[in-house]
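The values are calculated or read from the model by the stated rules, or taken from the named source; none is laboratory data. Note that the structure is predicted; figures quoted are calculated from it, not measured. Backbone-built Cβ (ideal geometry, glycine too); neighbour counts: all protein chains shown. In case anyone asks, the SASA skips ligands and DNA or RNA and just uses the protein heavy atoms, side chains included. Shrake-Rupley method; radii C 1.70, N 1.55, O 1.52, S 1.80 Å.
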Amino acid sequence: MEWEVVIGLEIHAQLATKSKIFSGSSTQYGAEANTQANIYDLGLPGVLPVFNEEALRMAVKFGLAIDAEIGMKSVFDRKNYFYPDSPKGYQITQLHEPIVGMGHIDIDMGEGKTRRINVTRAHLEEDAGKSVHEGFDGQSGIDLNRCGTPLIEIVSEPELRSSKEASAYFRKMQSIVTYLGICDGNLSQGSMRCDCNVSLRPKGQEEFGTRTEIKNVNSFKNVERAIEVEIERQMDILEDGGSITQETRLFDADKNETRSMRSKEVANDYRYFPDPDLLPVIIDEEYVEAIRATLPELPEQKKARFEAEHGLSAYNAGVLAASREMADYFEVAAEIAGDYKITANWVMGDLSAALNKNEISITDIPVSAEQLGAILKNVKGSDISNDGAKEVFNAIWSGKGSDVDQLIDQLGLKQVSDTSAIEEVVAQVLADNPKLVEGYLNTPEDKRAKAIGPFIGATRKAAKGVNPQVVMEVLKQKLNELG
Amino acid sequence: MSLDTNQVLAIADLSRLQIDEKSITEFQTNLSNILDLVDQLQAVDTTGVEPMAHPMDAVQRLRADVVTEDNKREKFQKIAPSTADGHYLVPKVVE
Amino acid sequence: MHNKTLAQISQDLQAGEYSSVEVTKHFLDRINTLDGQYNSFITVTEEQALTQAKAADELRAAGNANEWTGVPMAHKDIFCTEGVRTSCASKMLDKFIAPYDSTVADNFNQVGAVSLGKTNMDEFAMGSSSESSFYGAVKNPWNEEHVPGGSSGGSAAAVAARLAPGITATDTGGSIRQPASFCGVTGIKPTYGRVSRFGMISYASSLDQGGPIARTAEDAAMMLNVMAGFDKKDSTSIERDVPDYRADLNKSVKGMTIGLPKEYFSDDLDPAMAQTIQAAIKEYEKMGANLKEISLPNTNLCVPAYYVIAPSECSANLSRMDGVRFGHRCEDPKDIEDLFKRSRSEGFGDEVQRRIMVGSYALSAGFYDAYYKKAQQVRRLIKNDFVAAFNDVDVIMSPVAPSPAFKFGEKSKDPVSMYLEDIYTLSTNLAGLPGMSIPAGMINDLPVGLQLIGNYFDESRLLNCAHQFQNATDWHTKTPTGLK
């Protein structure tokens, strides 16, 4: 039987506010346990929430970025459940009236192709604390620093059809929130987390199969892996005529398997109701438009511009526009170099390779966009060869210098492109190699292109740093003169 | 509206309350009576009536995004039942 | 000294008749010698009070005093007071030393008042008799076999017993007005949002409101001047100027229209009560006020609506009491669920557990629309009744409770009969209106209060009506028989 995979993602993104969503505690990551948990975050008796205006602004910004309906009236609800990292015994979230309604994004399908995925909603809520299970001899330690960090939970429609699409969607969301500057997009620190809802149904069938939810998958790669193993697991069960139990599962990256989260299996009745300590959040068109005016150029728009204005391939434009840092680096370098194509090839080729090899991100690159621009300016002006450019690039990377022109001189990479000078050298080379010349002249016209090779080598040996193109032309001309 | 023992135990569980055997029946009667009392609401026709969450129908005020709290961990953990190097301790939480 | 009102003590201090230390010592001595029989205080902060009093006297000597400097008062044990146990009369918070001040407590500190301690109450303010306190029941100074009312029974009893001239309180369904009525003192529940709820331990967030209990309307006004005001720490606090609540006290009530809801004066109202209330209203007629019968058709729905909304909100508000970060924790829990369940069952009394369970049930899957949503719709109907009524009248008057103070155990066995005690007071909490209780007569040697209900933010008018009544009558000056 042929199965169709149905995937929906719930992405939690921490908003990059200074203070928490309902309190004046810092949201700084990595502080000592409970040093950023104050009376509000600890849920002490008598404390009350007051809503952070920046969290609202950021959520609306996101809504506008995915072309969504904005909730002009949104309401906070209490989601009741007991858990040691949930101090109030309920989480403040938005159930019926979220700040962001139906929207959509286009995900990259490779070769510059894209696919539109609808986003059901995105709502504001508070993050929970963390439980530490090691180092407290048999007990768990609770750290509430993260409590109250603002989150938007972004819920996709169940329109993703493969693990690849799922990770592409996750990537695209990361790229959007970082472009907007509303989330640092740091997966390893948990700034973005993903829950995957996976189910299978016989191809062509309308209604969905029973789904399982894989909680807190924390990397693009793991989203793919987790979904793949879950699909296999479900398929095996279904092929054997079994049925799927709706449950929450956990992805074990080491064992590369998903397993049921028993602790969450206790039947949960969240008893949602409007939080009586908070009032409805009402915004108007003016407020929304003011935020719209602050929207930066988004990946889609950048990609389009790179293609239209600078003639980049859809693929290159897509890759370069994916990350804001990469795109900014690229544009600065290209402006200075005066050539977007050369720069694009460089950034996607040698530069990306170097980043991967050294496992660092574009933000930590030792060669500044200005420096790369200066290097490539020389390539464009044929003052140095592409190999020369690599040498300078590596020199700066390894800290051997910072001034591009100085390095070109020091490394003697300047190309001689002056024809008269080259003519002399060539004349000398021809004079010194009569046999080669004879051999060349005896070579039939159609084979001569190949036979010219040795002369080029000899010429470049005789005079370092001569521009190969010029050498080629001069040689052709001289040799043809000989007959 | 009268509740049976299992319903009472289910509600207690939902509320994270432990009811001992001997008081179950008492809770059962009392809760049932209270529900009878509030069930008078069911007779009222409220079609088209907007639910009222707050007397004033006021709207939410916004707080400026500034950090106003500093670290008072020692002070707060003085009143905690059980802590160790800055963490609140609870029986092992299994996931 | 203890028979003086708050206003008189304030004047005496300003006139230098006696020092703050003297008057503070006097009340502390009374509490120490007399409160054994009333149990109206949970915590007496003797040391702190004397330090505050000393500081107040120094301030006055330096010429930096105001009318509140050094005036003794106390707080209901529901208001967080930094460094002082704030128990809400629950075993759950028996060891909870609040690490911060409620806005109300802070306001009184700012003006230099002296806090004598924290008064007893029904556990987490859930009750109408102050019998459910972990620290034992409060006795009614008028007759120790009778309850003082609740939930602010400690505040009302202490003021009646002259253990403090004025004490803060809270009112979620009548918890200021009913004990004030039972103890023959004066109390006002302001408009919802008028007094900050920050640091006031939540029972039912959309109904809770703090207010004062004192002997006279003038004293209540003086306290409300300190308590009322916008607080940016409370999202439900109202951004609106606070008048001087004493400014209108002496206005005449001539020509004022008083609404009498026929539903509150139905045949099942106890005749003695009806008679007493009618007599009180007559006084207003004498003063030139006009009477008008009005109708609040949805009155009978107040009790059911309240007993869905309040338990629902409390079921969530009390979830934070889980034995993890503060409060009672059970002995060696075997796992996390055991920790939650035993800590809570051991920490909460029966009535609190009942209300939590009713709330959990009303909010649980499938019941939300039938209970919580329905109750909120009914709540709007109740509000609309009042909005309509206040088109025709300036103030509404009624009994506070169906009867004077009842005996211990009379209703505590049957929750529903206890709930019906609040039949006349719940409506103002549901609508968010200000309500007041003033001593208006006696039945069987027990005081009875008259309820005044005002339009939104019309506290000044209520206090004015109350003050005029107290100028014309002496019910508020009566002291419990045999009180030393």
Residues of the range A:405-453 classified as within 19 Å of A:LYS377 (Cβ to Cβ), in a helix (DSSP H, G or I) and either open to solvent by 50 Å² or more (accessible area, probe 1.4 Å) or not aliphatic (A, V, I, L, M) (or both), total: 4
Restricting the range A:352-372 to residues that are without any contact (Cβ under 8 Å) to a residue 24 or more places away in the chain and hydrophobic (A, V, I, L, M, F, W, C), the residue that is nearest to A:ILE384 (Cα to Cα): A:ALA353
Top-ranked residue of the range C:317-334 - restricted to ones that are of a type in the set (A, V, I, L, M) and not in a helix (DSSP H, G or I), ranked as farthest from the other protein chains (Cβ to nearest Cβ): C:MET321
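Conditions tested, residue by residue: (1) among the polar types (S, T, N, Q); (2) in a loop (DSSP other than H, G, I, E, B); (3) under 24 Å from the mean Cα position of the chain (by Cα); (4) at negative phi.
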| residue | (1), (2), (3), (4) |
| --- | --- |
| B:THR47 | yes, yes, no, yes |
| B:PRO51 | no, yes, yes, yes |
| B:GLN60 | yes, yes, yes, yes |
| B:VAL66 | no, yes, no, yes |
| B:VAL94 | no, yes, yes, yes |
Qualifying residue in the range C:379-387 (condition: more than 7 Å from every other protein chain (Cβ to nearest Cβ), touching a residue at least 60 places away in the same chain (Cβ under 8 Å), in a loop (DSSP other than H, G, I, E, B) and not basic (Lys, Arg)): no
Qualifying residues in the range C:176-190 (those that are assigned to a loop (DSSP other than H, G, I, E, B) and touching a Gly at 6+ places or on another chain (Cβ under 6 Å)) - the one nearest to C:HIS467 (Cα to Cα): C:PRO190
Selected residue (criterion: farthest from A:ALA13 (Cα to Cα)) from residues of the range A:111-130 that are part of a strand (DSSP E or B), in contact with a Lys or Arg (Cβ under 9 Å, 6 or more places away or on another chain) and open to solvent by less than 30 Å² (accessible area, probe 1.4 Å): A:ILE117
Number of positions in the range B:1-60 that are within 7 Å of another protein chain (Cβ to nearest Cβ), hydrophobic (A, V, I, L, M, F, W, C), open to solvent by less than 20 Å² (accessible area, probe 1.4 Å) and in contact with a Ser or Thr (Cβ under 6 Å, 6 or more places away or on another chain): 2
Top-ranked residue of the range A:46-76 - restricted to ones that are part of a strand (DSSP E or B) and open to solvent by less than 10 Å² (accessible area, probe 1.4 Å), ranked as farthest from A:ILE282 (Cα to Cα): A:ASN52
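Could you check, for the range C:392-408, whether at least one of its residues is among the hydrophobic types (A, V, I, L, M, F, W, C), open to solvent by 10 Å² or more (accessible area, probe 1.4 Å) and not in a helix (DSSP H, G or I)? First the steps, then the outcome.
Initial filter on the range C:392-408 (among the hydrophobic types (A, V, I, L, M, F, W, C)): C:393, C:395-397, C:400-401, C:405-406, C:408.
Imposing the further condition that a residue be open to solvent by 10 Å² or more (accessible area, probe 1.4 Å) reduces the set to C:408.
Now narrow it down to the ones that are not in a helix (DSSP H, G or I): C:408.
Yes - at least one qualifying residue is present in the range C:392-408.
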Filtered residue count, the range C:84-127, keeping only those that are part of a loop (DSSP other than H, G, I, E, B), within 19 Å of C:ALA164 (Cα to Cα) and open to solvent by 10 Å² or more (accessible area, probe 1.4 Å): 2
Residue within the range A:344-359 that is assigned to a loop (DSSP other than H, G, I, E, B), open to solvent by 70 Å² or more (accessible area, probe 1.4 Å) and in the same structural domain as A:PHE306 (by TED's automatic domain parsing) present: yes
Exclusive hit being under 28 Å from A:GLY181 (Cβ atoms) and touching a helix residue (DSSP H, G or I) at 6+ places or on another chain (Cβ under 7 Å), set A:ILE375, A:ILE360, A:ILE365, A:ILE408: A:ILE365
Residue check for C:GLU263: modelled with pLDDT of 95 or more, assigned to a strand (DSSP E or B) and either among the polar types (S, T, N, Q) or outside the structural domain of C:LEU452 (by TED's automatic domain parsing) (or both): no
Subset of the range A:316-330 (residues that are open to solvent by 30 Å² or more (accessible area, probe 1.4 Å), touching a Ser or Thr at 6+ places or on another chain (Cβ under 9 Å) and farther than 22 Å from A:ASN394 by Cβ): A:VAL319, A:ALA322, A:SER323, A:ARG324
Residues being closer than 22 Å to C:ILE188 by Cα, in contact with a helix residue (DSSP H, G or I) (Cβ under 8 Å, 6 or more places away or on another chain) and within 12 Å of another protein chain (Cβ to nearest Cβ) - total across the range C:407-421: 2
